[in-house]
Amino acid sequence: MYEHYENYDRYIPDVMLKKHRKHEEYLSDKYKGMTHQEIYQSKLGTVEDAIGLIDSGDCIVWSIHASEPRLFLRNLHRIADRIDPKNPVELWSCVARWGPEYPVHTDPSLKDKFHHQTFFYDPNFRKIHPSGMSSYFPIHLHNYGQELHRCKRPNVAVVCVSPMDEHGYCCVSCDLQWEMESFYSADKIIYEVNPHIPHLPGDCALPVAMADVIIESDLSLYELQDPPIGEAEKAVAGYAAEMVHDGDCIQLGFGGIPNAIGFELMNRHDLGIHTEQIGASMARMIQQGVVTNRYKNLDKGWSVGAFIIADNFTYEYLNNHPRVMMRRGRYTNDPMIIAQQDNMVSINAALQIDLTGQVAAEALGYIQWSGTGGATDFAYGAYHSRGGRAMLCQISTAKKGTVSRIAPILDPGSIVSVSRNLTDMVITEYGVAKLRARTVKQRVENLIAVAHPDFRAELRKEANKYMYF
């Protein structure tokens, strides 16, 4: 199904510059003399109009996180009867926050009509994977848009956007990982306008004139609920926070621990934000004046992110914020851009780390659990930043304390998300293991020191077996 590499050697701007009907209409005088509201009304339709645009063989990409087009996806399965199983609809996406309520995400009987290609697995994708309904696409986040197009150009873009402003633009404010690249190469464009989507400056503005169909929805945005924070998580957050200094520029990854670390930074001053995810703790830091971005080398004065997934406070607070800017993932996650920020501090989580510093952050053995995302992007960027630090933060054990996350070797089949050459610091509830500029022997000693005490003797025994010392 995915033998679509005829344009593999073409760089993405070539694809994006392809002329097609929607661009020509927008750039011509078709809408001359019409007000923005008149243009909007001429595009306004129903969900039936939106799903009616979809044909067999279409390749659909949509915005995710708080910009997930929930109304469209709730109804997409209704076209299954007219989809040719020899030419199914291909669905490019990532984490499906509301996936359980979409039959196209949950019903294996639709696998011959809809097939998912995704950069990041979640519980929904893990569940349907055995049926053959989904495939994983290994890639770094900064290359999402480019490599998606090299595989197969999406001809349909569906984006959940903010209400139109006085200039005739809506904003796909909560996700810019591949959306703009796809928007400018799609032949069919659908907006799902939701009043809960914040309006923000940056790369996210879309003219209403370029939509084929606009549908309106008042469905709630997904509120990210981090897992409960216990004493161990608090200890990890405390150690990590000690590594962050006034004036640093920070990135916080997915998960309860990175978010908890953010809340531990409320007494810092003049922090900067250059991140992929803008989460709840970052919104509070901005609100309380902890973040000023005054020492950033790039985008001075601006908090910059590629997507927003948090709570309703965050969505409401960031609406029309004059100093929060959304940029494409190919910018925020470009390691060369990240490295230009002095004192760049990257804070992410991991699933397992071996005694030499290899990091498995996306799989449990051979089972794809999540995705590479921006783990390598920010590990590389922070590592090469002047004064930069890259932290991997985790509780020392898993499965109710029965398994050590620090292991002599990675589980068979494990995927190395971050090379040991880029691993800087590993933090558990037992302290900080510094790996950068350390030999293998020194790394082993430092990692054993932050492993759970119940496993340290066995780790030392295994380290001798593998001749790490």
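The values are calculated or read from the model by the stated rules, or taken from the named source; none is laboratory data. In this text the structure is predicted, and so the values were computed from the model without any measurement. Note that we place each Cβ from the backbone using ideal geometry, even for glycine, and neighbour counts take in every protein chain shown.
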Legend entry - Odd one out for Leu364, checked against (1) among the hydrophobic types (A, V, I, L, M, F, W, C); (2) crowded, with 19+ Cβ neighbours inside 10 Å; (3) under 30 Å from His129 (Cβ atoms): (2)
Legend entry - Residues located in the range 51-72, provided they are farther than 30 Å from Glu276 by Cα and part of a helix (DSSP H, G or I): Ile51
Legend entry - Matching residues, the range 75-122, being among the charged types (D, E, K, R), touching a residue at least 12 places away in the same chain (Cβ under 8 Å) and part of a helix (DSSP H, G or I): Arg78, Arg82, Glu101
Inset, instruction - Examine the range 373-388 for a residue that is touching an Asp or Glu at 6+ places or on another chain (Cβ under 9 Å) and surrounded by fewer than 20 Cβ atoms within 10 Å (Cβ to Cβ), and state whether such a residue exists. - result: yes
Legend entry - Test set (1) of a type in the set (Gly, Ala, Ser); (2) at pLDDT 95 or above; (3) surrounded by fewer than 24 Cβ atoms within 10 Å (Cβ to Cβ) - Ala157 fails condition number: (3)
Inset, instruction - Among what's in the range 217-252 and is of a type in the set (D, E, K, R) and in a helix (DSSP H, G or I), pick the residue that is farthest from Asp342 (Cα to Cα). - result: Glu231
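Take the residues in the range 276-294 that are over 21 Å from Pro227 (Cα atoms) and of a type in the set (Val, Ile, Thr); name whichever of them is surrounded by the most Cβ atoms within 10 Å (Cβ to Cβ).
Val291
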Legend entry - Selection within the range 345-365 - assigned to a loop (DSSP other than H, G, I, E, B) and either of a type in the set (Lys, Arg) or within 16 Å of the chain's Cα centre (by Cα) (or both): Ala350, Ala361, Glu362
Inset, instruction - Determine whether the range 168-185 contains at least one residue that is over 30 Å from His321 (Cα atoms) and out of contact with any Pro (no Cβ under 9 Å at 6 or more places or on another chain). - result: no
Legend entry - Residues satisfying the stated conditions in the range 295-315, i.e. without any contact (Cβ under 8 Å) to a residue 40 or more places away in the chain and either part of a loop (DSSP other than H, G, I, E, B) or surrounded by fewer than 22 Cβ atoms within 10 Å (Cβ to Cβ) (or both): Asp299, Lys300, Gly301, Trp302, Phe313
Legend entry - Per-region count, the range 187-199, residues more than 18 Å from the chain's Cα centre (by Cα), surrounded by 24 or more Cβ atoms within 10 Å (Cβ to Cβ) and either among the small types (Gly, Ala, Ser) or not in a strand (DSSP E or B) (or both): 1
